[in-house]
Every structure is written in structure tokens, then in C-alpha cells.
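What follows draws every value from the coordinates through simple rules; no lab data is involved. Keep in mind the model is a prediction, meaning the values are calculated, not measured. All Cβ positions, even for glycine, are placed from backbone atoms using ideal geometry, and neighbour counts span all protein chains on display.
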Amino acid sequence: MELLKERIRKDGKIKSGDVLKVDSFLNHQMDTDLFVEIGKEFKRRFADAEVNKILTIEASGIGIACLVAQSFHVPVVFAKKTQTKNIAGDVYTTKVQSYTHGRIYDIIVAKEFLGKGDKVLLIDDFLANGKALEGLIALVEESGAELVGAGIVIEKGFQVGGDALRKRGVRLESLAIIESMDEETGRIVFRDDEEGSGTV
Ligand code: 5GP
């Protein structure tokens, strides 16, 4: 998605630990006009899929997921991160390791909002090692819902998550795939074929 790549080139800041900061339009201040375009692009890429629910993870996925959900005219559910020791009862739960903090935390979704008959599209801002998406997939599987695919705004293609998920057969669409980024020079190289498999 050219508009997004241009914005990353213009405003992205490369930090240590292979972290790309995009706080001026995605992760802190949010450019909702850009989010609308992102929503339309995911709708185009998953036009053939009968998505009836968007699932994301708090916090940074929520803003984008809302505008994606709006373009599909379906509800969005976000998995909550929780510190609670004893999680039981009316929630699906799994553990996720945070890329940016390294911590392991529980995520939960109430059973009333996900289940058999749902066709779920996962949405997140970044894909690095794939732990966040793996956690969301585990919740979808536990619920008996159908996983349609995953839409990622920025995939860091030099990290393992994207390849692992594609090998697993997950239909993954990333709007910008970064092949390499250099903290010293600020240079970002994108992969050309970010359309993924099965799309025009
Ligand atoms: P993963 O679980 O795939 O290793 O990492 C994905 C999650 O970590 C995303 O939900 C995102 O919040 C965060 N993340 C991973 N890499 C980056 C990055 O380079 N920049 C930012 N801003 N967040 C990242």
C-alpha cells in the first residue's frame, strides 16, 4: 500500500531492538484518514471472505481494527490483557509474550462475543515474531470460530512471525512489509510483493 509506505518513510523512526516507532500516525497520535484507507484496503483484499467479526488485541490494534470493522460493517472485539491470577469461567484465555516489553501476559475474550459460526479476521498494527497473532489464533480455535485470515499494517519481514504463520497456512495480508531497516542511516527497504498469496 503505497500511501502507507510513503508515510512510514516520512515519519517512521528506527529504534534499537529492531523497533520501528510510528507514534505520529499509528501508535500514539492516530491519522484516522489513513486508517479509513487501511480499512478499505483490507476490505478489498478480503472481499471474497465472509467476515462477520474483527478480532484484535489491546491497545494499539484497537483504533485500526475499528475502522477496518467499519469498512466490513461488522463488530470488532478486542482481546483484553489482564493481570488477574485466576482466570476462569466465561472467557477464553491464553498467554502472549510481548515483543516490546518481553513480559508474558494473559489475554482474554468473553465467550459471549466469540464462538461457533463466527468468521473472524484478525487485525493488528505490527507483526514481528508472531506471538500476538498466535495468541489471537489460539482464542479463535478455543472458541470454535473459523479463522478467515489476518491483516497486518506493518510486517517486519526480517523477523520470524510472517513466514511461520504463512507456513501454518494462515491467510496473511500485510499492507507494508519491511525487508530491512537501519538504525544508523534511517533507511527502510520494503518488500515489493506485499500483496500476499491469493490476491491480485
Ligand atoms: P509479535 O507478537 O509479532 O512479536 O509482535 C507484535 C506486537 O508487538 C504488536 O502488537 C505490536 O504492538 C508490537 N510490536 C512489535 N514490533 C513492533 C515495532 O517495531 N514497533 C511497534 N510500535 N510495535 C511493535
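Just a few scattered comments:
- Amide H within-cut-off set for A150, under 5 Å, with H built and near neighbours excluded: L122, R171, L172, E173
- Over all other residues within a Cβ to Cβ distance under 13 Å of Y92, the charged ones net out to -2, with Lys and Arg as +1 and Asp and Glu as -1.
- A protection proxy built from the mean count of other Cβ atoms within 10 Å ranks the segments 10-18, 42-50, most packed first, as 42-50, 10-18.
- Legend: P(r) of the range 121-194 from all alpha carbon pair distances, 5 Å bins from 0, whole percents, reading 3, 16, 27, 24, 13, 8, 5, 2, 1, 0.
- Counting every other Cβ atom within 10 Å of each residue's Cβ, T94, T82, T185 order from fewest to most as T185, T82, T94.
- Take every Cα pair under 8 Å whose residues are at least 6 apart in sequence, average their separation, divide by the length of the chain, and the relative contact order is 17 percent.
- Across the range 55-147, the relative contact order, built from alpha-carbon pairs under 8 Å that are at least six residues apart, equals 32 percent.
- Dipole magnitude of the range 2-190 about its Cα centre (Cβ charges: Lys, Arg +1; Asp, Glu -1), debye to nearest 20: 240 debye
- Here's the picture: a label point sits 7 Å out from the Cα of R44 along the beta-carbon direction, and within the range 1-31 the residues with their amide nitrogen under 12 Å of it are 1-4.
- Counting neighbouring beta carbons within 10 Å and listing from fewest to most, the residues L4, L26, L34 come out as L34, L4, L26.
- Among E173, E146, a tally of other beta-carbon atoms within 10 Å of each Cβ gives an order, fewest to most, of E146, E173.
- The loop-placed chymotrypsin sites (Phe, Trp or Tyr not before Pro) in the range 52-160, going by DSSP, that have at most 16 neighbouring Cβ atoms within 10 Å of their Cβ come out as F158.
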